[in-house]
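The values are calculated or read from the model by the stated rules, or taken from the named source; none is laboratory data. Just so it is clear, the model here is predicted, and its values are computed rather than measured. Glycine gets a Cβ as well: all are built from the backbone with ideal geometry, and neighbour counts include every protein chain shown.
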Amino acid sequence: MTGYRLATGGSGIDRTRRLGFTFAGRPYGGLAGDTLASALIANGVGVVGRSFKYHRPRGVTAAGPEEAGALVSLGEGGRHEPNAKAPMVPLVEGLVADGQNAWPSLGFDVGAINGLAGPLISAGFYYKTFIGGPRGTWTRLFEPVIRRAAGMGRAATTPDPDRYETMNATCDVLVIGAGPAGLMAATAALAAGARVILADERERPGGALLHDLSEVDGVPAPDFAAATAARLTDGGAVVLPRTTVYGHYDGRFGAVERVVDHPGDPHGLPRQRHWQIRARHVVLATGAIERPIVFPGNDRPGVMLADAARAYANRYGVAVGRRVAVFAAHDGAYRTVRDLAAAGIDVAAVVDARPAVPAAAASLAEAAGARLFAGHHVGATRGRKGLAGLTVAGADGGSIAVDALLVSGGYTPTLHLASQAGARPQWDDALAAFRPGPLPEGWTAAGAVTGRYATTDALETGAAAGEAAAAALGRTVAPLARPALAAADDAALTATAPAAPFHVAGKKAFVDLEHDVTSADIALAHDEGFQAVEHLKRYTTLGMATDQGKTSNVNGLAIMAEHLGAPIPTVGTTRFRPPYTPVALGALAGAETGAHVRPTRLTPMHDWHATHGAVFVATGAWLRPRAYLRPGEGVREAYIREAATVRTGVGIVDVSSLGKIEVAGPDAATLLDRVYANGFAKLPVGRARYGVMLREDGVVFDDGTTWRLGETRFLMTTTTANAAAVLSHLEVLLATAWPDLRVHVTSTTEQWAGMAVAGPLARTTLAATVAGIDFANEAFPFMAVREGAIGEVPVIVARLSFSGELAYEVYCGAHHGAAVWERIMAAGAVHEIAPYGVEALGTLRIEKGHVSGPELDGRTTLYDLGLERMASAKKAFVGSVLMRRPALRDPARKRFVGLVSLDGKPIRSGAHLVGPSGRSEGHVTSTTHSPALAGAEIALALLSGGPDRIGEELLATDPVRGNAVPVRVADPLFFDKDGSRMHV
Amino acid sequence: MLIPCPHCGPRESDEFTYIGDAERTPPALDAPEAVWTRYVFARRNPMGRHREYWQHTGCRAVLAVTRNTLTHEVEGCEIVGPHAATAAGAGE
Ligand SMILES: [Zn+2]
């Protein structure tokens, strides 16, 4: 292909605005209005990329999203985007693009050696040769090599610097496609007062009108399209060019608007906007895609769809070659003959597969000075990197020198969205194509997607569809005046149906250009029994590339049908799945990236922590202080100091992130008795109890303390992680299983600030600042709950201990949290009170052998955790039946134990416990350095046989991080075994 | 898929959490092990019309939704539990 810019013509370009761009490292010039494809052709660039499997040279084959040859990479660094289709890339100043799958260069490609071995790399080749080989050879040996040689472009390796947006929208009528049918449908619906969204994937509204030379309503077709779109916008319709409606999901459409979709700084605008659209009525005006013809050598750069060549001439002022031929099977392709000849391009020959060519078409060939080969076909092509000539096969055949061959086997209606919505494509013999099947309720199709390809038909059916949509919505419809079209010959040329799909037998006849699937591959699939359409697709990968078979599906089915000797519809068609064209993950993520994925929850005392040396750790959505660093300290030094402070003096920790649920009502105690494994009905007012709840299957779900604040009122606490799940668990049980219980459950996590004050000096600290509570041991015993005040602030104080020390939890209204915290800090100053974070919290609870999140992993039972004695035998509760299944009480289950490091080195969380068997017998769940145990390195673990193995020596091995520590199995209750410290 | 929450009106299914089959009654807490085993582990996989529990994350209502599992068409939606009657009244 030796394309060039025509001296005149090109309705879509501005010859006064020149743009510079780079392709494959070389600078080129183009014009405003160009696509990357038109600019490359204008510059005579024939080879744009290499094919996926054989690395054969590929050029531009189309002028739309069906492009299967000219796949390019755009941009650099984090903006690098693979697999862009050159005809869909608007040319902008400074565009950087590159061809794909070529190493070291487009001209000389090492991978093309695959092409020499072509007969070996046939359908199913990977399955037969590599995957079925000796175990492991695929993943270790073959796959990495093949992946490097093949593949579809490269992914970016740095974060995407651009911004993406999400938009939700509703409308009365969504019109998909802004060709003549869509423009008229939107106009008619808007005229009837409907709220209209008109979306179109191309740079400008107009569809096929943009490369049509005829006049509509007395003005050139592209001008008619622009004026109609402008009227729609003025009238209040939402007109979205550059917006691909890519998918239909249960009544909702996904669309991507390319707002500033080119490399470089988008200056604050989002690069793309993801739309989710719900419409009361849908007008499908998606048009049709030209169908290529399969013949030997049809992948050579220079072989292109006929209407694409027409678009390049009429819209972009670009000749795709100096001397061209047309290979067709229907009259519509003669529009290309006519328009290219009119543009001054030498049309040497028209090869028409039909023995009898209608006069209207034949006369256009004659007027163009082209030799017409009726009843012939193209038997071969030749040329090194691009087309140099072709062989006409047939009675009067021969060799012709051309540099472009323009092909058209008919049209395929673009019915993807209808198929996604459940309308099975239906084969239409008269059209020789699939039409959309019966459409869902509220859908109307108009224009070429219905199989009516003439522009007059598109204008008419579009207007009618818009009127019908408005009428269906109860709008009063005044019929719209239909525009007059002054090009009668086009209607005649598009009236006759294309010939049935056919192919020319021979070697290297490509069906799927993007995945290098040939007609021989389909024959092989047939011979090996992969005949059903879904088998054919998977065995050959036909239609599975980024173009999703837009141009290859029907030809592939037709060839299989021919082998089977059956009609095409019996082979079937696959159901199209979203997306219609690839969607960037960034567009789907929208603004929800990094810290924006979900809100960060801060406790009421967060600012205090931040100004007092806290380093934070995310626990679920919450940010909690991990430790408070003093000058010269790292996290390890800080948490060891903090934990020691709690054992010897007094510390304070923020526990506001714990889930808090108010359980209120006459049957509140009954509810708690049913959801907790241990009893709550007899808990006196003013007392708290530690509770464990199970799932229905008997596995431990969550734990926490619940406080009886009144006869009918409880405050339940949950772990930070399970707060939402526990609330939902209670709500669902109350709604579905026990609607008779008179209980309300309400989340109060956000309403309370909570802090635990722990250590031998906790009592004197609180007694100095809390009014209205007698802190004496007898007056305020362990597990009691009291109400008092700190200054003006009412507080609830519960004598609970997670650390094993004398300890109290102080709760107050969230807005008072920071003030109460500071009052306690002030009261404890004489005792050198120190705040502690979740690391020290973990140290203290590990020393006491308390289970927490890492042990409550959704697999452990009360038996596993050594808590079976908590389960009440006197009552039934959620999970009580299934927790007693024999297999859940097998002593060989992984059960809760402690570990002590034997060489003084830290044990790693997640390490496996290996004994003499050499196999993993358990894993480490929580680890710490223990200041209370003279600096021992200890851990909690789940070990097969658990408590039966205390005293055994094992290896805690973490091969990923290259770490192995000898450990001794121990009682998990390491410190203060009689629990006397918290009862003082 | 839109679920018409009686409190909040039709909302996207993204706002809801699927809970489970509403066509089965949970066993009594002390029902035999075999009954509980069947209830917890033997799940039906119905095709077509199905009644199921969903919870609306926003208003916390537990809902019985009648949905076609093949087409995702929602035929009905009501609030379940002790507040069903008052909620339905409030929504009028
Ligand atoms: Zn709701």
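Looking across region A:759-796 at every residue that is in contact with a helix residue (DSSP H, G or I) (Cβ under 7 Å, 6 or more places away or on another chain) and over 18 Å from A:A834 (Cα atoms), the one that is surrounded by the most Cβ atoms within 10 Å (Cβ to Cβ) is identified as A:V795.
Within region A:288-298, being assigned to a loop (DSSP other than H, G, I, E, B) and crowded, with 24+ Cβ neighbours inside 10 Å holds for A:P292, A:I293, A:F295, A:N298. Do we find a residue being acidic (D, E), at pLDDT 60 or above and surrounded by 13 or more Cβ atoms within 10 Å (Cβ to Cβ) anywhere in region A:139-150? Looking through region A:139-150, none of the residues is acidic (D, E), at pLDDT 60 or above and surrounded by 13 or more Cβ atoms within 10 Å (Cβ to Cβ).
Note on region B:20-66: among residues that are within 16 Å of the ligand (Cβ to nearest atom) and hydrophobic (A, V, I, L, M, F, W, C), the one that is surrounded by the fewest Cβ atoms within 10 Å (Cβ to Cβ) is B:C59.
Residues that are in a helix (DSSP H, G or I), of a type outside the set (A, V, I, L, M) and at pLDDT 95 or above do occur in region A:161-184.
Of all residues in region A:368-405, those that are in contact (Cβ under 8 Å) with a residue 40 or more places away in the chain and not in a loop (DSSP other than H, G, I, E, B) total 12. Of the strands (runs of 3 or more DSSP E) lying entirely inside region B:1-50, those carrying at least 1 residues that are modelled with pLDDT of 95 or more and within 10 Å of chain A (Cβ to nearest Cβ) are B:16-21. Here region B:1-19 is the region considered, the condition is being touching a residue at least 60 places away in the same chain (Cβ under 8 Å) and within 10 Å of the ligand (Cβ to nearest atom), and the residue that is surrounded by the most Cβ atoms within 10 Å (Cβ to Cβ) is B:C5.
A quick yes/no check of all residues on (1) more than 24 Å from A:T496 (Cβ to Cβ); (2) surrounded by 23 or more Cβ atoms within 10 Å (Cβ to Cβ):
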| position | (1), (2) |
| --- | --- |
| A:A343 | yes, no |
| A:L364 | no, yes |
| A:A367 | no, no |
| A:G397 | yes, no |
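Residue pairs whose Cβ atoms lie under 6 Å apart, sitting 6 or more positions apart in sequence or on different chains, and linking a residue in region B:50-74 that is touching a residue at least 24 places away in the same chain (Cβ under 8 Å) to a partner that is near the ligand (Cβ under 10 Å from one of its atoms) and among the polar types (S, T, N, Q), are B:V62/B:Q55. Taking the criterion of being crowded, with 20+ Cβ neighbours inside 10 Å and closer than 20 Å to A:M883 by Cβ, the residues of region A:674-688 that qualify are A:R674, A:V675, A:Y676, A:A677, A:N678, A:F680. Within the option set A:A255, A:A227, being within 26 Å of A:K550 (Cα to Cα) and either aliphatic (A, V, I, L, M) or surrounded by fewer than 23 Cβ atoms within 10 Å (Cβ to Cβ) (or both) holds for one residue only, A:A255.
If the condition is being over 27 Å from A:N168 (Cβ atoms) and in a loop (DSSP other than H, G, I, E, B), then region A:576-608 contributes A:T603, A:P604, A:M605. Of all residues in region A:731-750, those satisfying the criterion of being more than 7 Å from chain B (Cβ to nearest Cβ) and outside any loop (DSSP other than H, G, I, E, B) are A:L733, A:H744, A:V745, A:T746, A:S747.
Inspect region A:485-503 for any residue being farther than 19 Å from A:A306 by Cα, modelled with pLDDT of 90 or more and not polar (S, T, N, Q) and give the result as yes or no. No; the residues of region A:485-503 include none that is farther than 19 Å from A:A306 by Cα, modelled with pLDDT of 90 or more and not polar (S, T, N, Q). A single entry from A:A362, A:A348, A:A311 fulfils the requirement of being outside any loop (DSSP other than H, G, I, E, B), out of contact with any Asp or Glu (no Cβ under 8 Å at 6 or more places or on another chain) and closer than 14 Å to A:L6 by Cβ: A:A311.
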